[in-house]
1. Pairs, please: C-beta under 6 Å, at least 6 apart or cross-chain, first residue modelled with pLDDT of 90 or more and in the stretch 1-15, second surrounded by 14 or more Cβ atoms within 10 Å (Cβ to Cβ) and of a type in the set (Gly, Ala, Ser)?
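The values are calculated or read from the model by the stated rules, or taken from the named source; none is laboratory data. Everything numeric in this text was worked out from a predicted model, so none of it was measured. Don't worry about glycine lacking a Cβ; one is built from the backbone with ideal geometry, like all the others, and counts go over all protein chains shown.
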Amino acid sequence: MSPQAELFYRFGIALLIGFLVGLQREFDYDSSEKPDDKQFAGVRTFSLIGLTGCSAALRRAILPGFLLTLTAAIVLAFIL
């Protein structure tokens, strides 16, 4: 299998798992029991979280530990 196909499958599986978790969360939420509560996350949020996790694992495989820590520190510095 080519590296591009393997990468495509990994991101596809991460997207599918995130989508399924978000879908289950949306269908499980019953707004009639809690009319004032809003649902926080659903299909889109969990799909993005799955893709983010997959890209973080890919970065970890490519970058050495020190560079990954440095990259995370820079990103956190810009967020805060």
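1. ALA14/GLY50; LEU15/SER47; LEU15/GLY50
Conditions (1) over 26 Å from ARG10 (Cα atoms); (2) part of a helix (DSSP H, G or I); (3) among the polar types (S, T, N, Q); (4) at pLDDT 85 or above, marked per residue:
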{"site": "ASP30", "(1), (2), (3), (4)": "yes, no, no, no"}
{"site": "LYS34", "(1), (2), (3), (4)": "yes, no, no, no"}
{"site": "ASP37", "(1), (2), (3), (4)": "yes, no, no, no"}
{"site": "PHE40", "(1), (2), (3), (4)": "yes, no, no, no"}
{"site": "THR45", "(1), (2), (3), (4)": "no, yes, yes, yes"}
{"site": "LEU48", "(1), (2), (3), (4)": "no, yes, no, yes"}
{"site": "THR52", "(1), (2), (3), (4)": "no, yes, yes, yes"}
{"site": "ARG60", "(1), (2), (3), (4)": "no, yes, no, no"}
{"site": "ALA72", "(1), (2), (3), (4)": "no, yes, no, no"}
